[in-house]
Amino acid sequence: MSARTIAAREGAGVVQVDAEVLGNSAVGAYRHLTLVTPGLAEIARPGQFVALAVGDGTSSMLLRRSFSIHRVSPAGTYGATTEIVVAAAGPGTQELTRLEAGASVSVIGPLGKGFPLPSQPVPCILVGGGYGSAPLFWLAEQLRERGCPVEIVLGAATADRLFGVVEARRVADGVTVTTDDGSAGTQGWVSDVLPDLIARTGAGVLYGCGPMGMLRSMSAIASDHGIVAQVAVEEAMACGVGICMTCVMPVADQHGTTKMVRSCLEGPVFRGDRVRWEAFDDGLCRVPADAVGAPKEVR
Amino acid sequence: MTAATPPSSVDMSVDLAGVRLPNPMMTASGCAANGREMHRFIDVAQLGAFVTKSVKAQPVSGRGTPRMAETPSGMLNSIGLQGPGVQAFVEEDLAWLHSIGARVVVSIAGSTASEFANVARAVVRSRYASAVAAIEVNISCPNVANRGLVFACDPASSHKVMTLVREEVPRGLPMLAKLSPDVTDIVEIADTVLKAGAHGLTMINTTLGVAIDVDRLRPHLIAATGGLSGPAIRPMAVRAVWQVAGAMRAGRIKTAPIVGAGGVRTGRDALELVAAGASAIQVGTAAFNDPTAPERVGRELEQLIAERGFTRLSDVTGIAHERFTP
Ligand SMILES: Cc1cc2nc3c(=O)[nH]c(=O)nc-3n(C[C@H](O)[C@H](O)[C@H](O)COP(=O)(O)OP(=O)(O)OC[C@H]3O[C@@H](n4cnc5c(N)ncnc54)[C@H](O)[C@@H]3O)c2cc1C
Ligand SMILES: Cc1cc2nc3c(=O)[nH]c(=O)nc-3n(C[C@H](O)[C@H](O)[C@H](O)COP(=O)(O)O)c2cc1C
Ligand code: FES
């Protein structure tokens, strides 16, 4: 089985390919998949993601699964490859993490908007929760190329759910690790170490990817310090390409107007201070009363 | 790039109540946004028609999340008709579809019968009206005046909506009524909307379901109930088309073209609906799996029809009724 292009329209900025699985290896609690994806790696940027189909055209799981792009290699030995890091969460990711080398999997990408890069060489702190660190190393390299000093903070519940500690040491000027249970690094949350780190490095931008709770607290910390947070969110997605309207969340625009925006299209990276975090609670997100088109108070 | 279609031996064109479409393939409302996103994968102007997301008079935020749950061979959704309102829809979305030369079926919605009519008026009087191939009236939305019961489940409300919309729609522009399968007798509703002036029927919208999150032991969707779609509902769609086409053929209700929707993922699925009586086909949920599906299914359907020795799609429409002896 070799990779095959299904759709690649000129100027679309996204391709649909039947990718070939080049490798699938264990990394702690996760699987690291390398996929041959012609036309995708060439146009991807850190923070963008790919949407994979589960099984073939007869699978009973119809919806695509989204994964941050960990790395791309536009011109490897096997052609352009895309790498992702997958946690087996439910039935779809269980099936994807079992894919063997040589298997075929439908991939769409790159999707969404990536992390915006600062125009000045300001110090940056990159925060990854669990597999959320996957896109950060590639981002770190690009920031360092622009002269930005880079600190990486990795946090997870337990040591085996940390991803990329060794890689972080290679690409960053400093690395801090936290775990909830203290099985690696400092015991506690990434938000516990951030204020000191911001003070020490004089960071101008925080970049984050991980669970919503983590993104919310880092956005609050950024605001407290008068700096910007760019966070890559994770909302349940059915298509990943902007056609289903399931992945929406309340985000304010530059005029302060809140709309329910598609996180697969306008995100997944948002400015932390624009996300209406207070709308999220206990696994639900309610439409803020001031959002455009919000339901009127009941009669 | 999508493979070039080989020169066809099958006439795939469709007469949709007087409007000629080059092929039967359509998107399904709410499953292709308003075109731009899908246009990155296929040329939506090549489809028989592009069906837009149901639009109301004013902007609608839709519901909170989770809005969807995956279910076996399908999904539940409770988007809540999120949309920009008809004015922005016309200026941004219809304008764009017009600019690429798409044939557009505009899906309209409302909380009251007069809202439907107002939305229809704004669309047909807009400067992009020439792109509109038909109006699809999504009567499967809650009727504020009737305790939120969906119009499509009540013949009198359905009749009122269609009557008011018909007054706004110019002659020659077909008006399709989109029916809900969640009724005791779909033939009765079909009869009602055709008597009220509908020129065609789209069948089916989603059917109501609930999924429980067994970890949290509460409904998965923020709205509790959602619409079930995807291959899981295909037999219901084939049944609805079968019953209504059967009633038309028996002369029990007025004859009108049927647009089949519900669970179409492959050419074979489309052929089932065609043989049951559909003249055109919409592909909805399957596009979330494969955004090229509306175009791919058309190619597959054409191939299957050719393999069976037919030269015209219209010769296959409803053929299962001829080959069935009760
Ligand atoms: C932008 C983005 C980047 C992501 N990056 C990664 C990554 O790098 N590595 C990783 O392991 N996971 C990542 N996820 C989460 C991953 O998409 C989900 O864990 C996965 O879709 C769950 O599928 P499932 O079959 O295991 O679970 P199921 O619960 O069976 O999934 C059912 C449906 O819900 C959707 N869904 C359920 N949970 C999520 C979720 N948390 N996020 C999005 N959709 C969900 C699925 O896509 C599917 O359509 C990312 C999600 C998003 C939105
Ligand atoms: C996410 C989603 C949104 C939908 N939105 C609308 C809508 O706005 N108006 C409408 O008439 N039907 C809507 N539908 C119903 C579809 O148009 C279609 O009738 C139904 O899903 C069955 O077809 P399918 O199985 O191919 O998806 C929606 C369906 C889905 C899955
Ligand atoms: S996931 Fe379908 S619109 Fe975002």
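Counting other Cβ atoms within 10 Å, which GluC sites (Glu not before Pro) in the stretch A:1-71 have at most 10 and lie in a DSSP loop?
On the way: sites: A:10, A:20, A:42; in loops: A:10.
Taking the stretch A:1-71 and a limit of 10 other Cβ atoms within 10 Å, the loop GluC sites (Glu not before Pro) found are A:10.
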The Cα radius of gyration of the protein assembly as shown, divided by 2.2 N^0.38 Å with N its residue count, comes to 1.00
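So what is the orientation-averaged projected area of chain A, using the convex hull of its C-alpha atoms, in nm²?
Details: hull surface 67.7 nm².
That works out to 16.9 nm².
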What is the extension gain from residue B:127 to residue B:187, computed as 0.36 nm multiplied by their sequence separation minus the C-alpha to C-alpha distance, in nm to one decimal? 17.9 nm
In debye, nearest 20, what is the charge dipole magnitude of the stretch A:87-241 about its Cα centre with +1 on Lys and Arg Cβ and -1 on Asp and Glu Cβ, if you could check? 300 debye
Electrostatic dipole magnitude of the protein assembly as shown [Cβ: Lys, Arg +1; Asp, Glu -1; Cα centre; debye, to 20]: 1360 debye
Could you tell me the calculated FRET efficiency between residue B:311 and residue A:12, based on Cβ-Cβ distance and R0 = 35 angstrom, to the nearest 0.05? 0.50
Backbone N under 18 Å from the residue B:167 label point (7 Å along Cα→Cβ), restricted to the stretch B:84-128: B:109-125
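For a test of the definition: using alpha carbon positions, the gyration tensor, and the 1.5 limit on a/c, classify the stretch A:100-181 as rounded, prolate or oblate. Could the numbers behind the result be given before it?
On the way: a/c = 2.13, a/b = 1.16, b/c = 1.85.
Oblate shape, in that a/c is at least 1.5 and b/c is the bigger or equal ratio.
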For chain B, built as a Gaussian network whose Cα springs stay under 10 Å, the top-fluctuating residue of B:249, B:147, B:296: B:147
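Which value at 222 nm does chain B reach when only helices count, each DSSP H run of 4 or more adding -39,500 (n - 2.57), with the total divided by all residues and rounded to the nearest 500 deg cm²/dmol? Don't skip to the end; give the middle numbers.
On the way: 10 runs with 94 residues, N = 326.
Calculated at 222 nm, the ellipticity per residue is -8500 deg cm²/dmol.
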So for R0 = 30 Å, FRET eff. of residue A:120-residue A:43 from the Cβ-Cβ r, to 0.05, ends up at 0.70
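Expressed in nm², what is the orientationally averaged projection area of the convex hull enclosing the Cα positions of the stretch A:4-111?
Values: hull surface 25.9 nm².
Average of the hull's projected areas for the stretch A:4-111 equals 6.5 nm².
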Based on alpha-carbon centroids, what's the gap between the stretch B:260-280 and the stretch A:162-211 in Å, whole number please? 54 Å
Taking the Cα atoms of the stretch A:124-285, what is the range of coordinates along each of the three principal axes, in descending order and whole Å? 39, 31, 27
Tell me the label-point distance for the pair residue A:289, residue B:268, using the 7 Å Cα-to-Cβ offset, in nm and rounded to one decimal. 5.4 nm
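Show me B:237-247, A:49-59 ranked by packing, highest mean number of other Cβ atoms within 10 Å first.
Values: B:237-247: 23.0, A:49-59: 19.4.
Most protected by this proxy first, the peptides run B:237-247, A:49-59.
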Alpha carbon centre of the stretch B:96-124 versus the stretch A:88-154: separation in Å? 41 Å
Hey, if you put +1 on the Cβ of every Lys and Arg and -1 on every Asp and Glu Cβ in the stretch A:4-111, which of A:86, A:58, A:6 ends up farthest toward the positive end of that dipole? A:86
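Between residue B:213 and residue B:114, what FRET efficiency comes out of the Förster formula 1/(1 + (r/R0)^6) with R0 = 51 Å and r the beta carbon distance, rounded to 0.05? Please report the intermediate quantities before stating the final value.
Numbers: r = 39 Å, r/R0 = 0.76.
E between residue B:114 and residue B:213, to the nearest 0.05, is 0.85.
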Averaged over B:79-86, number of beta-carbon atoms from partner chains that fall within 10 Å: 3
Amide proton proximity set for residue A:71, modelled H, under 5 Å, gap of 5+: A:83
Inter-chain shielding of B:225-234 (mean C-beta neighbours from other protein chains, 10 Å cut-off): 1
Remind me, relative contact order of chain A in percent, using alpha carbon pairs under 8 angstrom and six or more residues apart? 15 percent
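Translational diffusion coefficient, Stokes-Einstein: compute it for chain B using the Kirkwood radius over C-alpha pairs as Rh, at 25 °C and 0.890 mPa s, and state it as an integer in µm² s⁻¹. Display every interim value, and only then the final one.
On the way: Rh = 19.6 Å.
Result for D is 125 µm²/s.
Regarding the stretch B:61-132, what whole-number volume in Å³ per residue does the convex hull of its Cα atoms give? Each step should come with its number before you reach the end.
Details: hull volume 8.6 nm³, N = 72.
Expressed per residue, the convex hull around the Cα atoms of the stretch B:61-132 is 120 Å³.
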Taking 7 Å along the Cα-to-C-beta vector as the label spot, tell me the residue A:159-residue A:56 distance in nanometres, rounded to one decimal. 4.3 nm
Here the Cα Rg-to-2.2 N^0.38 Å ratio for the stretch B:16-153 is 1.05
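Laboratory data are not the source of any read-out in this text; all were calculated from the coordinates shown. What you see is a predicted model; the values in this text were computed from it and never measured. Neighbour counts are summed over all protein chains in view; Cβ atoms, including those assigned to glycine, are modelled from backbone coordinates with ideal geometry.
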